[in-house]
Structure formats: C-alpha cells, structure tokens
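This report concerns only the one structure given below.
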Amino acid sequence: MARVKSHRLTIANTRQTIDCGTSQTILEAAIMAGIDYPYACATGNCGTCTSHLDAGTVSLLPRSDASLSQQQAKAGQTLACRARPRSDLTVTWLSRGGG
Ligand code: FES
C-alpha cells in the first residue's frame, strides 16, 4: 500500500484547498501556494500563526510553551508553523480578524 505523501489542507479564511505534504507544516504549504498566512517567527515562538483546527489531526514540532498554552491546545488551537498534517485538515487562522 502506498504511503500517503500529502493531505488536503483547507484554509477557511481564504476558502482555498491546497496540498500539504506530510513533512511540510501548514504554514510552509500555505506560503508555497501563495496564501498570505499570518506569521512572524515561523519557529514556534511568537504565536502569530495560532490557528483553530476545524477538522483533522496534526503532529506538532517542538515549540515554546508560551506560544501555545495547554488551554489553547485543548480548545482546538494549533500553531501553523509547527503543525504537520496527519489527515486532511481544515484550519482558520485567528489573527487579522480571522475565526
Ligand atoms: S509564526 Fe511564530 S509561532 Fe508560528
């Protein structure tokens, strides 16, 4: 059985659906697709890319605890610059009036 190499990623803010490789982060895939996704550090430290995971599951790369609290994670929030897809995803970025 072929391994899945990418998943479908829907950005609710722009109503676009793109491919996100399993070794790509949501942010990387969005930028490559020309989507103006909000971010600053891209390394899990600032929280600018905080997004709500509307559907699907992700695995998170190492990040600062300050950028995504456990409460935020429990509320379904994630960091687009740290999150790699484990399934097809729908996300909403929360800065710039999103969500
Ligand atoms: S862009 Fe800074 S935490 Fe994601």
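The values are calculated or read from the model by the stated rules, or taken from the named source; none is laboratory data. Note that the structure is predicted; figures quoted are calculated from it, not measured. Cβ placement follows ideal geometry from the backbone for every residue including glycine, while neighbour counts extend to all protein chains displayed. We work out accessible area using only protein heavy atoms, side chains counted, and drop any ligands, DNA or RNA first. Shrake-Rupley method; radii C 1.70, N 1.55, O 1.52, S 1.80 Å.
Given H placed 1.01 Å from N in the peptide plane, which residues other than close sequence neighbours of Gln16 have an amide H under 5 Å from its amide H? Here Ile11 satisfy the definition. Over the residues of the chain, the helix contribution to mean residue ellipticity at 222 nm works out to -2500 deg cm²/dmol, using -39500 (n - 2.57) for each DSSP H run of at least 4.
In the chain, what % of DSSP beta bridges are antiparallel (nearest 5)? Within the chain, antiparallel bridges account for around 85 percent of the total.
Measuring nothing but how far apart in sequence close Cα pairs (under 8 Å, 6+ apart) lie, relative to its length, region 6-93 scores a relative contact order of 40 percent. Taking amide H as placed 1.01 Å from N in the peptide plane, the amide H of Ser6 sits under 5 Å from that of Thr22, each at least 5 places away or on another chain. Phi-derived couplings, Karplus 6.51 cos²θ - 1.76 cosθ + 1.60 at θ = phi - 60°, listed residue by residue for region 44-61: x, 10, 9, x, 4, 8, 3, 9, 8, 7, 6, 7, x, 10, 10, 10, 9, 6 Hz, with x used for Gly and Pro. For region 78-85, putting each phi into the Karplus relation 6.51 cos²θ - 1.76 cosθ + 1.60 with θ = phi - 60° gives couplings of 8, 9, 4, 7, 10, 9, 9, x Hz, in residue order, rounded to whole numbers and with x for Gly and Pro.
The slack between Gln70 and Ser95, meaning 0.36 nm per residue of separation minus the straight C-alpha distance, is 7.1 nm. 5 Å is the cut-off here: which amide hydrogens, built 1.01 Å from N in the peptide plane, fall below it relative to Asp54, excluding neighbours closer than 5 in sequence? Amide H to amide H, under 5 Å and 5 or more residues apart or across chains, Asp54 pairs with Thr90, Val91, Thr92. A convex hull fitted around the alpha carbon atoms of region 6-93 yields 75 Å³ per residue. Think of each Lys and Arg Cβ as +1 and each Asp and Glu Cβ as -1; about the Cα centre, that makes the dipole of the chain roughly 200 debye. Protection proxy ranking, highest mean first, for peptides 82-88, 64-70, 9-15, 24-30: 24-30, 82-88, 9-15, 64-70, where packing is the per-residue count of other beta-carbon atoms within 10 Å, averaged.
When the residues Lys74, Lys5 are ordered by accessible surface, computed with a 1.4 Å probe over the protein chains alone, the sequence from largest down reads Lys74, Lys5. For region 6-93, the per residue solvent-accessible surface stands at 50 Å², with DNA, RNA and ligands left out and a 1.4 Å probe.
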